[in-house]
Amino acid sequence: MVNAYTGLSDYYDLIMTSGYYDYDAYAAELTDLLQGRRDVLELGVGTGLVCERLLRCRTDGLHLTGLDHTESMLAQARARLGERVQLLNQDIQRLDLPASFDGAFSVGGVWAHYRTGAETPLGSHLPDHEGNVNALRRLHAALRPGAVLLIAVQRPHDDYEHVLPNGLVYEQTVKALSGDRLVKDYCLRQDRRVVAHQQCVFRVLAESRGKALLQECGFRFTGVSPKGNFYAYAKSS
């Protein structure tokens, strides 16, 4: 199963909008990259932060579907987005949707590329090779011919601490595991008391291996977006 964020869900928006992600920049570039594509799937919609901003940028009949498997996150997405986005509680490894999408994107929801300087490795919430292959092949089947897959580029997993409003302190620590995996601990404290904690295991592949994985599953790398926020892949026949 994909990493879940039940433990952090009540504080997720506060953490992620405090400077960890630039959602406006992602949404603005997605608007350009998805121009002309009406039926679009977000992989790991979370609380709906990206969809909300994308809908502000796109006013031409965009039909968005958001996929997640953490119900507490989806509840917040429903409150935020209402009927404007179709929200589905599904595990991407068991994805069962018709081939009805012109594009899909992940802003750290399932997959992400990481800015590390020398190269841009691929990270996944799915810690096993078989899980990634299965999920990507199921995604491939849900996309129409000519569809695009856009994977966001973000900061790498590293140790990080940030002071939030109301005396809250967010801290994340990262430890390498065997092979290509790492474990990441998320912790939120208030007056030294832990108010939320989550632990997730990620798989991180060198850039060439990440592209090879996607190629194996029917996605051809087509380039980096003009502003550098996304790696773009095209569905192969």
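Modelled spin labels at V195 and R155, positioned 7 Å past Cα toward Cβ, are 2.1 nm from each other. Pairs of Cα atoms in the chain fall into 5 Å distance bins, from 0 up to the last occupied one, in shares of 1, 6, 14, 19, 21, 18, 12, 5, 2, 1, 0, 0 percent. With Cα atoms as the point set, the radius of gyration and Dmax of the stretch 1-135 evaluate to 14.5, 43 Å.
Across the stretch 173-182, coupling constants 3J(HN,Hα) worked out from phi with the 6.51/-1.76/1.60 Karplus curve, θ = phi - 60°, read 10, 10, 9, 6, 10, 5, x, 9, 9, 9 Hz, and Gly and Pro carry x. Can you compute the label reach from A118? Point 7 Å from Cα along the Cβ direction, backbone N cut-off under 15 Å, restricted to the stretch 204-223. Once the point is set 7 Å along Cα→Cβ of A118, 205-209 turn out to lie under 15 Å by backbone N, inside the stretch 204-223. The separation of the stretch 84-153 from the stretch 167-201, counted between C-alpha centres, amounts to 24 Å.
For the stretch 5-33, list residues with backbone N below 18 Å from a point placed 7 Å from the Cα of S72 toward its Cβ? The answer is 5-17, whose backbone nitrogens lie closer than 18 Å to the label point.
By how many nm would the segment from V174 to T222 lengthen if fully extended, with 0.36 nm per residue of separation less the alpha-carbon distance? Full-extension gain reported as 14.2 nm.
Here, each number is a calculation from the coordinates, and none is a lab measurement. Please read these numbers as outputs of a predicted model, since none were measured by experiment. Positions of Cβ are generated from backbone atoms using ideal geometry, with glycine treated the same way; all protein chains shown enter the neighbour counts.
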